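What follows is a short report on a single structure.
Values quoted throughout were computed directly from the atomic coordinates according to the rules given, and no laboratory measurement underlies them. Since the structure is predicted, the reported quantities are computational estimates derived from the model, not experimental observations. Don't worry about glycine lacking a Cβ; one is built from the backbone with ideal geometry, like all the others, and counts go over all protein chains shown.
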Amino acid sequence: MDARLIGFGEVEIDGYRYRHDVVIDHGRVSKRRKKASRPFRDAYGHTPLTLAEGIPWPSRRLIVGTGADGALPIAPEVVDEARRRGVELVALPTAEACRRLATEDVGSLTAILHVTC
């Protein structure tokens, strides 16, 4: 998969540009629905990645692009759930996560890419 962070707030995946966070589930790209995590914003200073979003779990690896500056908080329960399910959680700044996707079989993983902060 060809993915790259174009700049703050924009990612390009296989020639398509997205100006919002995305979820890649076994090669399919969709918008990240982070509204369910917004109630936790005050506790983290930013809307975190939480289980409330309904993270797709059927893969063995979850790659999280933590934003242009790597500032996306990941709630501890996400880390715990990944461990419980035997899913490898890889958290990297989004530009690095995009480069990692180029070397992975995206048909066998889930990725969540945050495009700001």
Legend entry - Where Val29 falls short, out of the listed (1) in contact with a Pro (Cβ under 9 Å, 6 or more places away or on another chain); (2) under 16 Å from Thr110 (Cβ atoms): (1)
Legend entry - Unmet criterion (only one of (1) assigned to a helix (DSSP H, G or I); (2) surrounded by fewer than 19 Cβ atoms within 10 Å (Cβ to Cβ)) for Val78: (2)
Legend entry - Any pair with Cβ under 7 angstrom, 6 or more apart, that starts in segment 90-107 at a residue that is within 14 Å of Ile13 (Cα to Cα) and ends at one that is among the hydroxyl-bearing types (Ser, Thr, Tyr): Thr94/Thr66
Inset, instruction - Please find, among Gly45, Gly67, the residue that is without any contact (Cβ under 8 Å) to a residue 60 or more places away in the chain, surrounded by 13 or more Cβ atoms within 10 Å (Cβ to Cβ) and within 13 Å of Cys117 (Cβ to Cβ). - result: Gly67
Legend entry - Filtered residue count, segment 8-20, keeping only those that are surrounded by 11 or more Cβ atoms within 10 Å (Cβ to Cβ) and part of a strand (DSSP E or B): 5
Inset, instruction - Answer yes or no as to whether Val23 is within 15 Å of Ala111 (Cα to Cα) and assigned to a strand (DSSP E or B). - result: yes
Legend entry - Residue in segment 94-117 that is nearest to the chain's Cα centre (by Cα), counting only those that are more than 18 Å from Arg19 (Cβ to Cβ) and surrounded by 19 or more Cβ atoms within 10 Å (Cβ to Cβ): Thr110
Inset, instruction - Considering only segment 21-42, state which residues are within 24 Å of Arg4 (Cα to Cα), surrounded by 18 or more Cβ atoms within 10 Å (Cβ to Cβ) and not charged (D, E, K, R). - result: Val22, Val23, Ile24, Val29
